[in-house]
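Working notes, beginning with the structure itself.
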Amino acid sequence: MLKQYYLGTNIKCKANSFNFMEGLAFYIQIFGNEVYNKINRTKGVGTMFKYDINEDAYLKLLDLSDVHDLFALTDRSRDTLREWLPFVDGVQTVKDTEAFVKKAMQQYADNDGIQAGIYYDGQLAGVIGYHQINWQHKWTSIGYWLGNEFVGKGLVTNSMKALIDYAFHYLKLHRIEVRVAVGNIRSRTIPKVLGFHEEGRLRDAEWLYDHHVDQVVYGITAAEWKKIKMTNEATVAL
């Protein structure tokens, strides 16, 4: 058995942190339209996963091949993203984006969640992923953003469904949160549409460059998500 699993350049999994083959089997089952494996027997196992959202869009785990496109997307949408997201001023060069992608790859290697690129019509459209995983209490939160030209196509809503399924079915988590600035109405619509409950308001919970903003907390449990999916399937069957 391999003692370490490698994801890209100089990214190592902890030896006992993640059952790679079990995870790969899940991706084949859940993200199963196209799964690509790259085997390098001298170093371990490298992977690239792709999940088709629909005919025009798919998710792919971020890796170093995405760095230049991701920086360009961030830079093009800088003014819009900066209104609600606190990371934007920290992304000034390609090296800043490279550091983020390496951190995302290490996050996956450490079994602490994933960061995926959202692709539309062959172009990188945005990012979606988990903000770490609380294994003790079995919950995580999801964050997402899109470039300006890709808003309004249902990309985040459909990507959210995939990450929710992954969290509940494979990671066996109990709860997922989404936290959104009160004034970010478009982003708040997404968890509402998916059946999340609005659970409360956190005052001055996030610092946006020169001021604090309140956040609204949305939550859903595994049992609630299962019920929603069963209801939707029954409706389709009718």
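Please treat every number below as a calculation from the coordinates, not as lab data. Keep in mind the model is a prediction, meaning the values are calculated, not measured. Here the Cβ positions follow ideal geometry from the backbone for every residue, glycine too, while neighbour counts run over all protein chains shown.
With a ≥ b ≥ c taken as the square roots of the eigenvalues of the C-alpha gyration tensor of the range 80-204, please select rounded if a/c is under 1.5 and otherwise prolate if a/b is larger than b/c or oblate if it is not? It comes out rounded by the Cα gyration axes. Annotation: the residues Tyr108, Tyr170, Tyr51, Tyr209, sorted from fewest to most other C-beta atoms within 10 Å of their own C-beta, follow the order Tyr209, Tyr170, Tyr51, Tyr108. For Trp135 and Ala99, a Förster radius of 35 Å and the Cβ-Cβ distance give a FRET efficiency of 0.90, rounded to the nearest 0.05. Ranked by how many other Cβ atoms sit within 10 Å of their own Cβ, fewest first, the residues Trp135, Trp145 fall in the order Trp135, Trp145.
Under the simplified labelling scheme, the Ile185-Lys161 pair shows an inter-label distance of 2.6 nm, with each label point 7 Å from Cα along Cα→Cβ. Note on Asp89 and Ile228: with the Förster distance fixed at 41 Å, the Cβ-Cβ geometry gives a FRET efficiency of about 0.65. Exposure proxy shown here: for Leu62, Leu208, Leu155, the number of other Cβ atoms within 10 Å sets the order, fewest to most, as Leu208, Leu155, Leu62.
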